[in-house]
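Engineer: Have a look at the structure that comes next, please.
The values are calculated or read from the model by the stated rules, or taken from the named source; none is laboratory data. Remember, predicted model here, so these are calculated numbers, not experimental data. Virtual Cβ from ideal backbone geometry, glycine too; neighbours counted across all protein chains shown. The protein model used for the area step is the full one, side chains on, heavy atoms only, and it has no ligands, DNA or RNA in it. Shrake-Rupley method; radii C 1.70, N 1.55, O 1.52, S 1.80 Å.
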Amino acid sequence: IDDKTMEYYHGNGNYFQVGGFTWSGHFTWIDISEEEKQRRGSAIAPTRSPTMAGGLFAVATQTFWDLGSYDEEMDVWGGENLEMSFRIWQCGAVLETIPCSRVGHIFRSFHPYSFPGNKDTH
């Protein structure tokens, strides 16, 4: 969702990416591997994803607590999505993107609040 016009952007349904990460610890979007395209068998089937974007994460409450919830020592946002993604895989679960789902998220170009210790996440 555009933070100025509130316009909702969506894909064309034929192309989407899954979550990835850089070795410096930053979330990024990546193309679906050929192996995963073959495994899922359908363009609308759930698609395995190495990581997820924190603002697009849905999980059953009990599963979230069983995984250990968010790390209480993280005092700002911006790493919890990778940390939780890695924990999901390490615990034997699967992280999936659902191609037909739709999520609206307003990502502002500024922070209307301050972070502890003036830390910033991007």
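Engineer: Which order do THR28, THR61 take when ranked by solvent-accessible area (1.4 Å probe, heavy atoms of all protein chains), largest first?
Structural biologist: Per-residue accessible area, sorted high to low, gives THR61, THR28.
Engineer: Could you give the size of the charge dipole of the chain about its Cα centre, using +1 on the Cβ of each K and R and -1 on the Cβ of each D and E, expressed in debye and rounded to the nearest 20?
Structural biologist: On the way: 9 positive and 16 negative charges, 80 e Å.
Charge dipole, the chain, about its Cα centre: 380 debye, nearest 20.
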